[in-house]
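A.B. asks: Please read through the structure below; I'll follow up with questions.
The values are calculated or read from the model by the stated rules, or taken from the named source; none is laboratory data. Just so it is clear, the model here is predicted, and its values are computed rather than measured. Heads up, the Cβs are rebuilt from the backbone with ideal geometry, glycines too, and the neighbour counts pull from every protein chain shown.
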Amino acid sequence: MRPPPDYVPAHGLLRDKTVMVTAAAGAGIGFAAAKRCAEEGCRALVVSDIHERRLAEAVAALKRETGLEAVHGQLCDVSKEGDVQALFAFAQQRLGDIDVLINNAGLGTSKLIVEMADEEWAKVIDITLTGTFRMTRAALKVMQPRGRGVIVNNASVLGWRAQAEQAHYAAAKAGVMALTRCAAIEAAESGVRVNAVAPSIAIHAFLRKSASEELLAQLSAREAFGRGAEPWEVANVMVFLASDYSSYMTGEVVSVSSQRA
């Protein structure tokens, strides 16, 4: 197994941009993305989550670790339209215009199809796919009239590839990919870009709660580097897609993987 590389220094890719990141509390991809956005020079940042204590801790950590004072937290459950509307109202009040939205909120569980209740299927689909739709719809309503903006969605290689006990999550992430492509076509004329990343496996504390160490070891061993990604390695690609360096890319799903997607 090759060890992770050194943390990549910032290059000012999001200088003076305003950014919103969902599900940014804790130690996962969302927090890593928020941190990278701050390091890359965004002038203000709104992060959301459903956990009040962890969200407050994330805001404090982002301020402390990046030096950006304009970091704001707002509770939001993306399965509730009222919460989504409240989040955008909060963000517009704090940020003014929203330049970048990173849709990171999602939910995964493990269950065989024959053992899965409708309720479990519906919950994963509602948070992971419909939640991304709700956020995208709200963002387009404020970005399109301005004629600019970027949305970056978090999909998964499971949107392409089969894995046992992941039918609901894979279906949701395949839906995120399709939503990304369709939203990109609708938004292109107004200058708004919509892309997605599709990570294979990024190891963090939340994932360890929902998957066994044995499964994580098996999945990591299949990677070309013999390890899962660090959350910040996925965040780096999100920042690239959010930046002007990807100005000709829209409707694309970029695999963040060290194996065949």
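A.B. asks: Regarding segment 190-197, can at least one residue be identified that is touching a residue at least 12 places away in the same chain (Cβ under 8 Å) and out of contact with any strand residue (DSSP E or B) (no Cβ under 7 Å at 6 or more places or on another chain)? Before you say what the answer is, go through the steps one by one.
C.D. replies: Filtering segment 190-197 for residues touching a residue at least 12 places away in the same chain (Cβ under 8 Å) gives 190-197.
Narrowing the set further to residues that are out of contact with any strand residue (DSSP E or B) (no Cβ under 7 Å at 6 or more places or on another chain) leaves 190-191.
Checking segment 190-197: at least one residue is touching a residue at least 12 places away in the same chain (Cβ under 8 Å) and out of contact with any strand residue (DSSP E or B) (no Cβ under 7 Å at 6 or more places or on another chain).
A.B. asks: Restricting to segment 36-55, name every residue that is aliphatic (A, V, I, L, M), closer than 21 Å to A138 by Cβ and assigned to a helix (DSSP H, G or I).
C.D. replies: Residues of segment 36-55 that are aliphatic (A, V, I, L, M), as a first pass: 38, 44-47, 50, 55.
Add one more test, that the residue is closer than 21 Å to A138 by Cβ, and what stays is 44-47, 50, 55.
Answer for segment 36-55, where residues must be aliphatic (A, V, I, L, M), closer than 21 Å to A138 by Cβ and assigned to a helix (DSSP H, G or I): just L55.
A.B. asks: When you go through G108, G149 one by one, which is the residue that is crowded, with 16+ Cβ neighbours inside 10 Å and at pLDDT below 95?
C.D. replies: Of the residues listed, the single one that is crowded, with 16+ Cβ neighbours inside 10 Å and at pLDDT below 95 is G108.
A.B. asks: So the check is Cβ under 6 Å with 6+ separation or different chains; which pairs have a first residue in segment 70-85 that's closer than 26 Å to D16 by Cβ and a second one that's polar (S, T, N, Q)?
C.D. replies: If the second residue must be polar (S, T, N, Q), the pairs left are Q74/S48; C76/S48.
A.B. asks: I'd like the residue in segment 91-130 that is hydrophobic (A, V, I, L, M, F, W, C) and within 14 Å of the chain's Cα centre (by Cα) and, out of all such residues, is nearest to S247 (Cα to Cα).
C.D. replies: V100
A.B. asks: Right, another one. Can you tell me how many residues in segment 80-105 are of a type in the set (D, E) and surrounded by 15 or more Cβ atoms within 10 Å (Cβ to Cβ)? Before the answer, list the steps.
C.D. replies: Taking segment 80-105 as the starting set, the residues that turn out to be of a type in the set (D, E) are 81, 83, 97, 99.
If we keep only those that are surrounded by 15 or more Cβ atoms within 10 Å (Cβ to Cβ) as well, we get 83, 99.
Summing the residues that are of a type in the set (D, E) and surrounded by 15 or more Cβ atoms within 10 Å (Cβ to Cβ) in segment 80-105 gives 2.
A.B. asks: Still on this structure: Could you list all residues from segment 41-57 that are more than 17 Å from L101 (Cβ to Cβ) and either of a type in the set (A, V, I, L, M) or touching a residue at least 40 places away in the same chain (Cβ under 8 Å) (or both)? Spell out how you get there, then give the answer.
C.D. replies: First, pick out the residues of segment 41-57 that are more than 17 Å from L101 (Cβ to Cβ): 41, 50-57.
The answer is I50, L55, A56.
A.B. asks: Here is a further query. Which number in (1) in a helix (DSSP H, G or I); (2) under 22 Å from L55 (Cβ atoms) marks the one condition that D77 misses?
C.D. replies: Tallying (1) in a helix (DSSP H, G or I); (2) under 22 Å from L55 (Cβ atoms), D77 fails exactly one: (1).
A.B. asks: Also: Determine if segment 127-145 includes at least one residue that is part of a loop (DSSP other than H, G, I, E, B) and either among the small types (G, A, S) or surrounded by fewer than 21 Cβ atoms within 10 Å (Cβ to Cβ) (or both).
C.D. replies: No, segment 127-145 has no match at all.
Residues are listed down the side, and each one gets a yes or a no for (1) part of a loop (DSSP other than H, G, I, E, B); (2) among the basic types (K, R); (3) closer than 26 Å to S257 by Cα; (4) under 19 Å from the mean Cα position of the chain (by Cα):
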| residue | (1), (2), (3), (4) |
| --- | --- |
| H11 | yes, no, yes, no |
| A34 | no, no, yes, yes |
| G82 | no, no, no, no |
| A89 | no, no, no, no |
